[in-house]
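Any read-out appearing in this document is the output of simple, stated calculations on the displayed coordinates, not a laboratory observation. None of these values were measured; they are calculated from a predicted model. Cβ sites come from the backbone with ideal geometry, for glycine too, and all protein chains shown count toward neighbours.
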Amino acid sequence: MKQVNVAILGCGTVGTGVARLLLDNGDIIRDRIGCALHLKYVADIDMDRARGLDLAPGVMIPDAAAAIADPDVHIVVETIGGEGIAKKLIMGAIAGGKHVVTANKALLAKHGNAIIEAATARRVDLAYEASVGGCMPIIKAVRESLVGNRISGMTGILNGTCNYILSKITDEGVDFKTALAEAQAKGYAEADPTLDVGGYDAAHKLAILSALAFGMKINFDDVFIEGISRITPLDIEFAAQFGYRIKLLAIAKFDGESVEARVHPTMIPFDNLLSNVNSTLNAISIKADAVDEILLYGHGAGMMPTASAIVSDLADIARNLASDGAGRIPVMGFQADTIRSIPVMSMDDIVTNYYFRFDALDRPGVLAAISGILGKYAISLKSVHQKGRKANGSVPVVMLTHQAREADVSKALAEISVLDVMVGAPMLIRIEDQNGQD
């Protein structure tokens, strides 16, 4: 039986999980793939930290470059993270003819085109299932299971930290800061949570998925990104009154000419399955011509869910090696010479429905002034609610619109925000409601 030698670079949470799976479940993995995944090296500069791994002598080493240089290593697993040394090591492994598995979505989103080009030229496999959605097999689904489909759109909850925070605000009525502090205390959020709550982590994943689904180059810089820090219990309460929940959604749509790629808080109706995905769980809905719509759901992060996805990539590559089939599936699902530079639509050109909340002084003519400005920019209102609660002399005025163009909405809100009756900045939340689009 063939033995495939694996080197893990970085032995933090995820690297430890991968090593544990290879050690504990090596027998069932071997029985399923027809060859043994042998853990030859675990490279980490911290040699003394207790990890609970029963490694053979010589497996744990401090030098990742030495692991890459060993000609007996077939597959390199990068779990270091970041864009510095991780990129250098991955490019070095590819140059040395090693196959590579990574969960590094930030690296792929920002430097993926160059890494993919290098892997394709060197005819080695680059696998990245764990970079998006944790244990959800989203990469495999798009790249393999949906190969006969034209994918038109994807909508997903792709960041467990944000989903946990929004779930806490929804269920308990706490404010953003309180929910974030609890997420940090439970280890769901980093000490610096900017990548998560700012929407950047979800945007990294969306950039990868958009390229994979639509046959385009990875284009992270053009993804629209808005985080969740302005969402209040009041907005969540109003959303519920209208039949919606608020989620941080990653949205990609392809009309055949350009791609929408945006990450922002979004109101979705109660009967949308994504509205019931709570706590740290992730989910993604994919729309395609042959299958209509499918939903994947599961843990988007964590030691063992992420390790499971990495081991699935190891198994795929090991099967390829056993049958001399490296490069059998293109890295991005499309043959390299068919991948195009598809333009990403400007956010100004997005058309959708909107929720507005204005905190205004309780004076006659306020509604007329706001409505007049919205009408000036052809923004039609579906419903208007002036709530009776007062705070600092102001009352919330809540409006839902029919479909409107983002550029027109931005201009209208800029004018409304400087009215002398306004208290604070207007609140805008976009609405994705397939049944309510008009």
Against the condition under 34 Å from the mean Cα position of the chain (by Cα) and small (Gly, Ala, Ser), how does residue 346 come out, does it pass? yes
Among the candidates 259, 223, 197, 277, single out the residue that is touching a Cys at 6+ places or on another chain (Cβ under 7 Å) and at negative phi. 197
State whether the residues of the range 99-108 include one that is in contact with a helix residue (DSSP H, G or I) (Cβ under 9 Å, 6 or more places away or on another chain), within 25 Å of residue 321 (Cα to Cα), free of Cβ contacts under 8 Å to residues at least 40 places away in the same chain and in a loop (DSSP other than H, G, I, E, B). yes
Which listed residue is out of contact with any Asp or Glu (no Cβ under 8 Å at 6 or more places or on another chain) and in a strand (DSSP E or B), from 261, 250: 250
Flag for residue 53 being closer than 18 Å to residue 2 by Cβ and under 31 Å from the mean Cα position of the chain (by Cα): no
Residues that are part of a loop (DSSP other than H, G, I, E, B), in contact with a Lys or Arg (Cβ under 8 Å, 6 or more places away or on another chain) and free of Cβ contacts under 8 Å to residues at least 60 places away in the same chain: does the range 61-79 have at least one? no
Residues satisfying the stated conditions in the range 403-435, i.e. crowded, with 19+ Cβ neighbours inside 10 Å and without any contact (Cβ under 8 Å) to a residue 60 or more places away in the chain: 404, 406, 409, 412, 413, 416
Can you report the number of residues in the range 301-344 which are closer than 28 Å to residue 434 by Cα and either touching a Gly at 6+ places or on another chain (Cβ under 8 Å) or surrounded by fewer than 18 Cβ atoms within 10 Å (Cβ to Cβ) (or both)? 2
Scan the range 270-280 for residues that are surrounded by fewer than 18 Cβ atoms within 10 Å (Cβ to Cβ) and either closer than 19 Å to residue 207 by Cβ or in contact with a helix residue (DSSP H, G or I) (Cβ under 9 Å, 6 or more places away or on another chain) (or both) and report the count. 3
